[in-house]
Amino acid sequence: MALTLTCPICGERNGYEFRYGGEDKGPRPRAEDPAPGHWCEYVHMSPCVAGIRKEWWYHKDGCGVWFTTERDTTTSLEVKQPEKTR
Amino acid sequence: MNRLDGLPTCRIDSSRKIEFSWQNRRFTGVAGDTVATALYAGGVRIFSRSLKYHRPRGLYSLDGESSNTCVGIDGIPNVSAENTVLKEGMQVRAQNVMGTPRLDLMGFLDKLDWAMPAGFYYRTMHRPAAVWPIALKQVRKMAGLGKISPDFQMPGRFDEIYPTADVCVIGGGPAGLSAALAAAGTGLRVIVMESRPWLGGFFDFRVCEYRPGLPLYERAAELAAQVEKAANIQVFKNTAMVGAYSNNLITAFQKGEADDPFDERYIEVRAKSVVVATGCMERPLLFENNERPGVMQAACAHRLAHTYGLVAGQKAVFSIGHDLGIEAAIDLFDLGLEVSCVADIRKEGQDRELVEKLAERGIDFLPGWTAVDCSGKTVKSARLCNLDTYVQEQFECDLLVASAGMTPVTGPLCLAQAKMAYDAHTGYFLPRQLPARVHACGRLLGLNDAAAIEVSGQVAGYSATLDCGVSVEEGLRQAREKLDSLAGPAKGCDLVMAPVKGRKAFICFDEDTTVKNIKQTLAMGFDATELIKRFSAAGTGPAQGAIPGHNLALFVARYHGRSSAITQPTTVRDPLVPVHIATYAGAYHDMCKRTPMHDAQKTAGGIMQRIGVWKRARYFSSDTACTAEIENVRNNVGMLDATTLGKFRIWGPDAVKALQRVYISDMSKIREGRIKYSAMCNEDGCIIDDGVVVKRGENDYYFTTSTARAGQTVEWFRYHSRYDNWDFNMVNLTDAYGVINLAGPNARKVLEKLTEADITNSAFAYGGFCEFKIKNTIPVRAMRLGFVGELSFELHVPSSYMQSLWAMLEEAGRPFNIQPFGLEAQNVLRMEKGHLIIGSESEQRTTLNDVGLSFLWDRSKSKAGTVGAVALMHTEKQEGRLKLVGFKMDNAQRAPRDGSIVVDQNVCGHVCIARYSTTLKEVIGMALVKDHLAGEGAQLDIYEDECNGQLMHAHVVKMPFYDVKGERLSM
Amino acid sequence: MFGTYKPLWGKKPRFKSSYDAVIIGGGLHGLATAYFLARDFGMTDVAVIEKRFIGFGGAGRNTAIVRANQRTQENVPFYRKALDLWPVLTRELDFNLMFYNCGNLNLVHSEAAINAARMNIATAQFCGVESHLIDARQCKEMMPALNISEDITYPIFGAMYHPPGGIVRHDAVVWALAKGAAARGVHIHQQTAATGIGVENGKIISVDTEHGKINTPRVLLSAGGYTAALAYRLLRIQLPISVLTIQAMVTQPLKPLLNHVISSGAYHVYANQTLKGEIATGAHMDPWPNYTTQTTAHYIKHQAEALAELLPCLRGVKFMRHWAGLADMTPDMAPIMDGNDHVDGFYLDCGWGYFGFKSCTAVGKYMARFMASEKCPPILKPFNLRRFEQHRLMGETAAVVNYSANN
């Protein structure tokens, strides 16, 4: 496996330059709604999808940006986004 | 042995002799020899003894397909003699031999094979239980092939390179070279990897015609010359491809030649497209004693003569299943080998011209016959058998060339995740579905025709070119058309095993796995090939699946009476060729950081230790209790290099929001000139960091983190605000600024000598922050902190000034006898003050509340969405949590060792730190204990490792231990 | 001596439409639980269903190290129980599991690590498990190949020496448990994937498989790295698990060189010599979830770099096989064993990370007790799933900070 990821600023780079930051679960729940189960789901739980999912990645050995991208957990390869029409 | 010197295909120079030793006896080889060919030329027939039965093993192949010729060279075990170029002075030794290779004391084991069926070790030696530990010792002794000394030092130079290429071609034979030329012709950058020391592959040693007047070996030279000439093709010879990973990451290792600046090097290539052209090797013929020294693959005998000038024997029997075997017999006959007969498993389908050539030479040709057995420690005779009538005939010979057919070298494709499927026509497992940007060509697709092999290379080369975005559709179309007009794959021989019982028919040489063993394995219910491999060990030896891979899958299918199509060979694993750990390791990789004061501290007697990514001074004398260092800080003045602290600037309109998100306190209330101490938690409320924040301007803050968190802090801020689109900037200043903590009652006196600034207690009080210059030059950010419990100035200055400042402080402090102090002294000083270090006084599961820092937590800022705040609410009233307490030992002679546990009937916590305090003249410490023991006055029973149940006792006390009122901080 | 060659775990069993219990996953945990259900509770009407073949997953991919020197008192006795069972099972199952009781050396490379090791050792000794702190020179005496010089990246300060540990032949355990379970009447259905779980009124009623429906009142989901994905797919239960690929490799076989298992947290490496003579080594994982079981160039190189410093003589030895398996990691590096919580009759055994092998015998014993009695044995209680929503992590690991640790 040799993951590469496409940093929105630096382009396609070796996967080891990045830190994985978890599945994209949307914004954090409001602190006013502190039901333990609900909060735990946000913090720890995962459906552990075998397939494509949206994730957060941090370009740690690079520009330091957090970005989301899609990756297939069964191949551990980034799912290439179709290029934007210019 | 005399060499056939005049052959144009030869790769040796017999005028240049090379001396080496074998079993401590002197031998002579010639330039161009491998260790194996030199030994063979010297008359060595038995190279090693086999793993289990100690059977004699000899030269069978020339590309390291089995462990038969694995030898020890200069102390290095398991060196494949076939793949190792002979060098002057090599000391070569046989492996797994007790006695000599010819007379091995353990040779009797071959007669005990009945006692060692498949998986026998699972079914023996455990009854009665007392037997096992004794048997185990014997098992260990018997197992293993090579020997290595525990103090062995690997000589040689190891290198690593990471080239990129448009197209990476694996295999420097005719197909690979054609592919490289096709791609390079369009201007792409191409890498070619070839495991042998020369290009040409399958054409290189053959003398038959490519076209009238042009023999194959000359055609190989033509192609090689074109490739070597091309400026945009980089050729790596002596380079074995060993790994293929997704996104076309290819790894290989290269052996250096005499003028290379390395002995071995690791190569990692990321290519846009990959072409695999690794050709074929031979599929062993399964018959009784099929691995006796003297039994040899057809190409082995053929190349021994044509490449190394060695005729492998006096009198030979050929038992083969493909035309290359007949070609070899003819060529070798012409070079003087007596050929008794050529038995061909195939009843028909041979190249008529070749058969005629046999007849011309008076060589008996026996279609529909196969070898079934051979005798002798090295081959003395071979028994052949007619596959229809089972009539048998015996032939005297000292060489039995045996080969059932070919097998494509698909390892690289399998590693690249190609889907393979059985092809009934060739009898091969061929790629049915290739991964994107990976192409295959040449013999590994079943092609035999020389022109077709080259054109298939062009097709692959053009396809790879297309992957790189270069338009070569027309060239590709033409090459495809041409390929279609040429001869396709020939029908392969499908015989798996001669008609024998298979008691000594070895399907895996390395592991001594016989056909009989496989039958036993199948009878015991192991049906998946992967399970058969695990139970019988076939394919798990030094050369992995090279010998058994193809045959095992075919045999299993045949045994179950089902089509080979549904049986898959076992999974191919990297590395495809065993690689030295030294080669993978390459250059030295430690990346450790030093502060600007590293050398100054060493000069001052600092004992430097690696702590995290940094080297830091732990002690400044051999007294690990650091009494002098501690006393000097308490009574005088000391300085500590605190450069490793994380240091950051955060600024911008939303900087406060970001601070509010990650810090547990209310960060909106920081006043300029004042220091805010706070902490960060994770979403479980567990404390992960503490540090100070100062305000340097509107929406402009400078803050510190613990050393361990320096690397992740920017990331942490940005992560926890990733959905918010806040406008703030951050810079990690950890390496840009150095920090000296000047601490002790005389600290001000020292600092006053270096600055004009007013640093009196009234102008610059405890908890204050101010910026001034030292000697009117060095800009310093100074903080009045008190981690060690004394009057302290934490001086942050640009790293480039650090060494000067250190020297100035030493100079200015000399009248007061200023001394540096190290981490252990700081550790005791801060403990006396009741200050904690995260990671020392906290665990992964310790919350902010657990360590008694709940006063930092501002509950009124729920809108800020502070990380960890919800969890702190969930856990604040929870029972049974571990709490941080201070304790004093009852009548202790010494401190309990750090890491001792606190017990009642159960483990109730542990001692984080405990020391004899020279300041307080008693043993104090900090512990994380269950809440029922956390109250002041509670008794702690401390269980030390190796205490044999002798508990130590302590009582929980209030912290801090030292200077309860904090007077010394605010002097 | 060996008689005739009969299928170890009997002929292919008949696929019945109902069983007293169904175990999803024909790995070590599933087979062990089936075996103990039959052995200790006479519950023999049990089906183990396995999508591929028994021992396909982590059971055949781990490096076979066993030990009981964990960090907390919840874990140490559990792993100790597991250790004690190897000789027992060897005898009972009449199959040599080849327990090589060579002891483990966990190297420590700093004073802080010594203190951490001391806590493990004190906890072990308090729980009656042998473990000792030894210094670098003693390490060298026990393992002459070790590099104890001070000018390496992480100089060796000492080690936690744990004599009761060692290695066990992992595949043998799979086969022996299958043999023992089948002999007691358990049905092992290979090539049988679970496709659904039937729940009615909060109770398990059935399991759907590719070969048909099985009616059953209890199900154990113990499918190793695939458990979390299955729990979600079959029951919509999310777990605090991230599934990572863990890699291991072996060198070519050598005559005896290493007489103990060694491991080093700082170098991210462990190594032991198998009875065949290969040096088996591994430890590191790519820190992003995936199900590929693919190896990486990055890792085999890293491993070589570490070994080249730690055991320099190995520079002259060759790696010959490199593979990968799945490790299902929880935020606190401790497993989840639970039952009858979300759904009655649903039992869960997962989150073992890379401790699945060394624990399998004890898991079988206690999960069987749990399933047969429907009451959670006290030894399993700390491993419940609810601990994560209560922020009560187990403390098996000293300090790891993650984002949302898992997913």
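The values are calculated or read from the model by the stated rules, or taken from the named source; none is laboratory data. Not measured: the values here are computed from a predicted model. Methodologically, a virtual Cβ is constructed for each residue, glycine included, from the backbone with ideal geometry; neighbour enumeration extends over all protein chains shown. Surface areas here come from the heavy atoms of the whole protein model, side chains and all, with no ligands, DNA or RNA. Shrake-Rupley method; radii C 1.70, N 1.55, O 1.52, S 1.80 Å.
Could you check how much of the accessible area of the protein assembly as shown is carbon and sulfur, as a whole percent, using a 1.4 Å probe? Display every interim value, and only then the final one.
On the way: 26260 of 52340 Å².
Answer for the protein assembly as shown is 50 percent, counting heavy atoms of protein chains only.
I'd like to know which of B:673, B:685, B:662 lies farthest towards the positive end of the charge dipole of the stretch B:646-732, counting +1 on Cβ of Lys and Arg and -1 on Cβ of Asp and Glu.
B:673
Assuming a viscosity of 1.567 mPa s and a temperature of 4 °C, what translational diffusion coefficient in µm² per second does Stokes-Einstein assign to the stretch B:799-865, Rh being the Kirkwood radius over Cα pairs?
Details: Rh = 15.9 Å.
Rounded, D is 82 µm²/s.
As an exercise, take the mean of 1/r over every pair of distinct alpha carbons in the stretch B:13-115, invert it, and state the Kirkwood radius in angstroms.
Numbers: mean 1/r = 0.0726 Å⁻¹.
13.8 Å is the Kirkwood radius here.
When the chain is fully extended, how far beyond the present Cα-Cα distance does residue B:470 get from residue B:105, taking 0.36 nm per residue of separation?
On the way: separation 365, 0.36 × 365 = 131.40 nm, distance 6.43 nm.
Once the chain is fully extended between residue B:470 and residue B:105, it gains 125.0 nm.
For residue B:958, give me every one of the lysines with a C-alpha distance below 18 angstrom, ignoring sequence neighbours fewer than eight places off in its own chain.
B:833, B:883, B:888, B:921, B:930
Listed highest first by mean packing, meaning other Cβ atoms within 10 Å per residue, what order do B:572-578, A:36-42, B:849-855, B:557-563 come in? Walk me through the intermediate numbers first.
Working: B:572-578: 24.1, A:36-42: 17.0, B:849-855: 19.0, B:557-563: 13.3.
Packing order, densest peptide first, comes out as B:572-578, B:849-855, A:36-42, B:557-563.
In nm, give the distance between the simple-model label positions of residue C:52 and residue C:213, each being 7 Å from the Cα along the Cα-to-Cβ direction.
Reported label-point gap for residue C:52 and residue C:213 is 3.0 nm.
Tell me the net charge near residue B:262. Cut-off is 12 Å between Cβ atoms, residue B:262 excluded, with +1 for each Lys or Arg and -1 for each Asp or Glu. Mind dumping the intermediate values first?
On the way: positive: B:157, B:255, B:265; negative: B:159, B:160, B:257, B:259, B:260, B:263, B:264.
Around residue B:262, the surrounding residues sum to -4.
Mind scanning A:54/B:877; B:255/B:491; B:516/C:276; B:237/B:533 and naming the pairs with a C-alpha gap bigger than 28 Å? Before the final figure, lay out each step's value.
On the way: A:54/B:877 37 Å; B:255/B:491 37 Å; B:516/C:276 21 Å; B:237/B:533 33 Å.
Checking Cα-Cα distances, A:54/B:877; B:255/B:491; B:237/B:533 exceed 28 Å.
Hey, got the average number of other protein chain Cβ atoms within 10 angstrom for residues in C:86-95?
Working: counts 0, 3, 1, 0, 5, 4, 0, 1, 4, 4.
Going residue by residue through C:86-95 and averaging, the value is 2.
Once phi is turned into θ = phi - 60°, what whole-Hz ³J(HN,Hα) does the Karplus curve with 6.51, -1.76 and 1.60 give for every residue of the stretch B:434-439, x standing for Gly and Pro?
Once rounded to whole Hz, the list reads 8, x, 4, 6, 10, 10.
Give the lysines reachable from residue B:380 as a straight Cα distance under 22 Å; neighbours fewer than 8 places away on the same chain don't count.
B:111, B:315, B:501, B:504
Taking Cα pairs under 8 Å and at least six residues apart, what relative contact order does chain B come out at, in percent? The partial results should precede the final answer.
Values: 2237 pairs, mean separation 82.4, N = 971.
After rounding, I find 8 percent.
Placing +1 at every Lys and Arg Cβ and -1 at every Asp and Glu Cβ, with all other atoms neutral, what dipole size does chain C have around its Cα centre, in debye to the nearest 20?
That gives a dipole near 1040 debye.
What is the magnitude of the charge dipole of the protein assembly as shown about its Cα centre, with +1 placed on the Cβ of each Lys and Arg, -1 on the Cβ of each Asp and Glu, and no other charges, expressed in debye to the nearest 20?
Numbers: 161 positive and 154 negative charges, 433 e Å.
Computed about the Cα centre, the dipole is about 2080 debye.
Looking at the stretch C:79-183, which GluC sites (Glu not before Pro) are DSSP coil and have at most 12 other C-beta atoms within 10 Å of their C-beta?
Details: sites: C:92, C:111, C:130, C:141, C:150; in loops: C:130, C:150.
Within the stretch C:79-183, the qualifying GluC sites (Glu not before Pro) (loop, at most 12 other Cβ atoms within 10 Å) are C:150.
Relative contact order for chain C: what percent, with Cα pairs under 8 Å and sequence separation of 6 or more? Intermediate values should be presented prior to the final figure.
Numbers: 926 pairs, mean separation 94.2, N = 407.
Across chain C, relative contact order equals 23 percent.
What is the diffusion coefficient of chain C in µm²/s, taking the Kirkwood radius over Cα pairs and the Stokes-Einstein relation at 25 °C with a viscosity of 0.890 mPa s?
Working: Rh = 21.7 Å.
Rounded to a whole number, D works out at 113 µm²/s.
Relative to the first principal axis of the alpha-carbon coordinates of chain B, what is the inclination of helix B:323-334, with its axis defined by its Cα atoms, in degrees from 0 to 90 and to the nearest 10?
Taking the Cα atoms of chain B, the angle to B:323-334 is about 70 degrees.
Ratio of the stretch B:287-403's C-alpha Rg to 2.2 N^0.38 Å, to two decimals? Numbers along the way, then the final one.
On the way: Rg = 12.8 Å, N = 117, 2.2 N^0.38 = 13.4 Å.
For the stretch B:287-403, the normalised Cα radius of gyration comes out at 0.95.
Using a Förster radius of 35 Å, what is the FRET efficiency between residue B:621 and residue B:591 based on their Cβ-Cβ separation? Nearest 0.05, please.
Values: r = 29 Å, r/R0 = 0.84.
For R0 = 35 Å, the calculated efficiency reads 0.75.
Wrap a convex hull around the Cα atoms of the stretch B:831-957, take a quarter of its surface area, and give that in square nanometres.
On the way: hull surface 33.9 nm².
Result: 8.5 nm².
Please compute the contact order of the stretch B:831-957 in relative form: average sequence separation of alpha-carbon pairs under 8 Å and at least six residues apart, divided by the residue count, as a percent. Write out the running numbers ahead of the final one.
Numbers: 225 pairs, mean separation 32.4, N = 127.
Reported relative contact order: 26 percent.
Would you mind computing the Rg to Rh ratio of the protein assembly as shown from its alpha-carbon coordinates, Kirkwood style for Rh?
Working: Rg = 35.0 Å, Rh = 35.0 Å.
A ratio of 1.00.
What full-extension length gain, to one decimal in nm, is calculated for residue B:814 and residue B:677 as 0.36 nm per residue of separation minus the Cα-Cα distance?
Details: separation 137, 0.36 × 137 = 49.32 nm, distance 3.24 nm.
Full extension from residue B:814 to residue B:677 adds 46.1 nm.
Taking each residue in C:123-130, count the Cβ atoms of any other chain within 10 Å of its Cβ, then average. What number comes out?
On the way: counts 7, 1, 8, 8, 2, 0, 0, 0.
Rounded to a whole number, the mean comes out at 3.
Let's test this: bin the Cα-Cα distances of chain B at 10 Å from zero up to the farthest pair and state each bin's percent.
Pairs per bin, as whole percents: 2, 10, 15, 16, 12, 11, 12, 12, 7, 3, 1, 0.
Pull up all non-local amide H partners of residue B:696: gap of 5 or more, or a different chain, and H-to-H distance under 5 Å with H placed in the peptide plane.
B:701, B:702
List the GluC sites (Glu not before Pro) within the stretch B:746-820 that DSSP assigns to loop and that have no more than 15 neighbouring Cβ atoms inside 10 Å. Write down the numbers at each step before the final one.
Details: sites: B:752, B:756, B:771, B:790, B:794, B:810, B:811; in loops: B:756, B:790.
Counting only loop positions with at most 15 other Cβ atoms within 10 Å, the GluC sites (Glu not before Pro) in the stretch B:746-820 are B:756.
Applying 1/(1 + (r/R0)^6) with R0 = 25 Å to the Cβ-Cβ distance of residue C:390 and residue C:200, what FRET efficiency is obtained, to the nearest 0.05?
Numbers: r = 30 Å, r/R0 = 1.19.
According to the calculation, E is roughly 0.25.
Once you average over the residues of B:834-841, how many Cβ atoms of partner chains fall within 10 Å of each Cβ?
On the way: counts 0, 0, 0, 1, 1, 4, 4, 0.
Per residue, the average neighbour count from other chains is 1.
Residue by residue through the stretch C:128-142, what is 3J(HN,Hα) from phi via Karplus (6.51 cos²θ - 1.76 cosθ + 1.60, θ = phi - 60°)? Round to whole Hz and write x for glycine and proline.
So the Karplus estimates, Gly and Pro as x, are x, 10, 7, 7, 9, 8, 10, 8, 4, 5, 5, 4, 5, 5, 6 Hz.
Given the convex hull over the Cα atoms of the stretch B:506-582, what projected area results after averaging over all orientations, in nm²?
Values: hull surface 19.7 nm².
Result: a mean projected hull area of 4.9 nm².
Rounded to the nearest 0.05, what FRET efficiency do residue C:45 and residue B:562 have when you use their Cβ-Cβ distance and R0 = 35 Å? The partial results should precede the final answer.
Details: r = 32 Å, r/R0 = 0.92.
Rounded to the nearest 0.05, the efficiency is 0.60.
Give the lysines whose C-alpha is closer than 16 Å to that of residue C:365, dropping any in the same chain fewer than 8 places away, or say none.
Here the lysines satisfying the reach criterion relative to residue C:365 are C:81, C:375, C:381.
Could you tell me the total accessible area buried at the B-C interface, probe 1.4 Å, in square angstrom to the nearest hundred?
Details: alone 41410 and 18170 Å², together 50420 Å².
So the buried area, both faces added, is about 9200 Å².
Based on Cβ point charges of +1 for Lys and Arg and -1 for Asp and Glu, what charge dipole magnitude is obtained for the stretch B:646-732 about its Cα centre, in debye rounded to the nearest 20?
Working: 13 positive and 12 negative charges, 63 e Å.
In total the dipole reaches around 300 debye.
Among A:50, C:272, B:413, which residue has its Cα positioned farthest towards the positive end of the charge dipole of the protein assembly as shown, with +1 placed on the Cβ of Lys and Arg, -1 on the Cβ of Asp and Glu, and the dipole taken about the Cα centre?
It is C:272.
Residue separation times 0.36 nm, minus the C-alpha to C-alpha distance between residue B:758 and residue B:967: what's the value? List each step's numbers first, then the result.
Details: separation 209, 0.36 × 209 = 75.24 nm, distance 2.07 nm.
Full-extension gain reported as 73.2 nm.
For the protein assembly as shown, what is the accessible area per residue in Å² when the probe is 1.4 Å? Don't jump to the answer; show the numbers that get you there.
Working: 52340 Å² over 1464 residues.
It amounts to 36 Å² per residue over the protein assembly as shown.
Can you tell me how the stretch B:646-732 classifies by the Cα gyration tensor, rounded, prolate or oblate, using a/c under 1.5 as the rounded cut?
Details: a/c = 1.40, a/b = 1.13, b/c = 1.24.
Because its axes are fairly even, with a/c under 1.5, the stretch B:646-732 counts as rounded.
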